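Step one of this worksheet: look at the structure below.
The values are calculated or read from the model by the stated rules, or taken from the named source; none is laboratory data. Just so it is clear, the model here is predicted, and its values are computed rather than measured. Cβ placement follows ideal geometry from the backbone for every residue including glycine, while neighbour counts extend to all protein chains displayed. Ligands, DNA and RNA are stripped out before the accessible areas are found, and what is left, the full protein with its side chains, is counted by its heavy atoms. Shrake-Rupley method; radii C 1.70, N 1.55, O 1.52, S 1.80 Å.
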Amino acid sequence: MSRATTAIRLTPRVSLVIALAAFLGVVAFFWPFLVAPGKFGSNYAPPLIFGVLLVLVLCVVLSEIAEGGINSKALAMLGVLSAVNAALRPLGAGTAGIETVFFVLVLAGRVYGPGFGFTLGCTSLFTSALITGGVGPWMPYQMFGCAFVGMLAGFLPRATGRREVLMLAVYGSVSGYLFGFLLNLSFWPFSLDPNSSIAYLPGLPFTEQWHRYLAFDLATSLGWDTGRAVTNFVCITLAGPAVLTTFRRAARRARFRAPVRFTPSGPAAPARTVDHARRGVRGTTVRRTPSSTAPRAPRPGGGSGAPQPRS
């Protein structure tokens with residue numbers, strides 16, 4: 001990512017809001033280790049409360065980004081890529097963990113910056129959920145997970161050529177596992193029989209609870225996460241160079257960070273005229289009458305226009 005291709009400018013205020021949102025997102029994902037089910041009157045209250053909190057946090061972040069540094073060209077690019085991701089997601093439909101929405105998110109976050117990647121992750125999942133009917137209490141967690149994937153892609157170190165593509169492909173694979181690891185936390189306490197050895201049990205020490213969750217993730221989600229990681233690696237390796245070139249060409253033409261300057265219009269410059277000797281003097285107006293420019297007609301009795309002497 002370079003400064004010239006950054007689509008959304010991160011002011012200090014927006015950066016602080018995103019950092020706080022990321023912290024609250026991590027807290028919301030790890031709620032089973034913080035709040036026991038049934039503490040708020042219902043076993044399903046904690047994930048719903050944290051889901052609503054995530055929605056409010058996302059609204060605050062998006063409003064701050066819109067106020068801080070997104071222009072019409074970046075907004076148009078955001079709409080186009082959100083529509084592309086929404087159209088790509090049903091192609092995989094999550095079968096065997098195949099998800100086609102992440103590789104565009106990683107590449108866009110790499111080229112257009114962490115702010116754009118964060119916003120694109122939210123809008124892509126929201127749009128695709130409306131199209132596929134995937135609206136539910138899990139949607140805020142999915143939106144925040146994809147926002148993390150796009151944002152972290154914008155913070156990757158600089159690289160060029162094949163090294164950059166390989167770095168993005170490896171990151172796409174790791175993010176596929178990380179996304180599944182975080183999403184499983186949101187429903188782990190309700191997915192298994194409490195008598196299971198990998199089920200969530202309130203009141204256990206953190207280390208034992210953590211070991212149970214790791215066993216749960218490996219037993220129930222490793223295959224799906226591997227399919228997602230392989231899909232990201234293959235898509236970025238094959239389509240990454242062309243997509244990166246296209247994104248960067250579009251960024252150069254759009255000139256997201258180009259300053260806008262307004263200059264007052266001054267008086268019109270004087271017309272350039274010439275004098276009799278055609279010396280190019282400014283401000284001299286020459287009037288040519290028909291008598292001075294038209295050729296003289298010959299007089300009767302003579303072959304030229306010269307005056308005849310009197311007899």
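Brief remarks on what is shown
- Matching entry among PHE148, PHE216, PHE181, PHE144 (being in contact (Cβ under 8 Å) with a residue 12 or more places away in the chain and more than 25 Å from PRO114 (Cα to Cα)): PHE216
- Check on VAL230, among the β-branched types (Val, Ile, Thr), under 23 Å from the mean Cα position of the chain (by Cα), in a helix (DSSP H, G or I) and modelled with pLDDT of 80 or more: no
This table checks each residue for (1) of a type in the set (D, E, K, R); (2) touching a Leu at 6+ places or on another chain (Cβ under 6 Å); (3) in a helix (DSSP H, G or I).
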| position | (1), (2), (3) |
| --- | --- |
| PRO140 | no, yes, yes |
| MET143 | no, yes, yes |
| PHE148 | no, no, yes |
| LEU178 | no, no, yes |
| PHE181 | no, no, yes |
| LEU185 | no, no, yes |
| LEU201 | no, no, no |
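- Restricting ALA74, ALA87 to those that are assigned to a helix (DSSP H, G or I) and modelled with pLDDT under 85 reduces the list to ALA74.
- When the stretch 172-231 is limited to residues that are open to solvent by less than 50 Å² (accessible area, probe 1.4 Å) and acidic (Asp, Glu), the one that is nearest to ALA28 (Cα to Cα) turns out to be ASP217.
- For the stretch 134-169, a residue qualifies if it is more than 13 Å from SER124 (Cα to Cα) and of a type in the set (S, T, N, Q), and exactly one does: THR160.
- Hits in the stretch 232-246 - residues which are surrounded by 14 or more Cβ atoms within 10 Å (Cβ to Cβ) and of a type in the set (A, V, I, L, M): VAL234, ILE236, ALA239, VAL243, LEU244
- Within the stretch 70-87, residues that are within 11 Å of SER124 (Cβ to Cβ) and of a type in the set (Lys, Arg) reach no partner that is outside any helix (DSSP H, G or I) and open to solvent by 20 Å² or more (accessible area, probe 1.4 Å) with beta carbons closer than 8 Å at six or more positions or on different chains.
- Residues satisfying the stated conditions in the stretch 96-118, i.e. over 18 Å from GLY161 (Cα atoms), open to solvent by 10 Å² or more (accessible area, probe 1.4 Å), of a type outside the set (A, V, I, L, M) and part of a helix (DSSP H, G or I): PRO114
- Tally of residues being among the β-branched types (Val, Ile, Thr), open to solvent by 20 Å² or more (accessible area, probe 1.4 Å) and either within 19 Å of ASP225 (Cα to Cα) or under 22 Å from the mean Cα position of the chain (by Cα) (or both) across the stretch 133-164: 1
- Among the residues listed as TYR200, TYR177, the single one being under 17 Å from THR100 (Cα atoms) and of a type in the set (Ser, Thr, Tyr): TYR177
- Of all residues making up the stretch 111-133, the number that are in contact with a helix residue (DSSP H, G or I) (Cβ under 7 Å, 6 or more places away or on another chain) and more than 22 Å from VAL17 (Cβ to Cβ): 6
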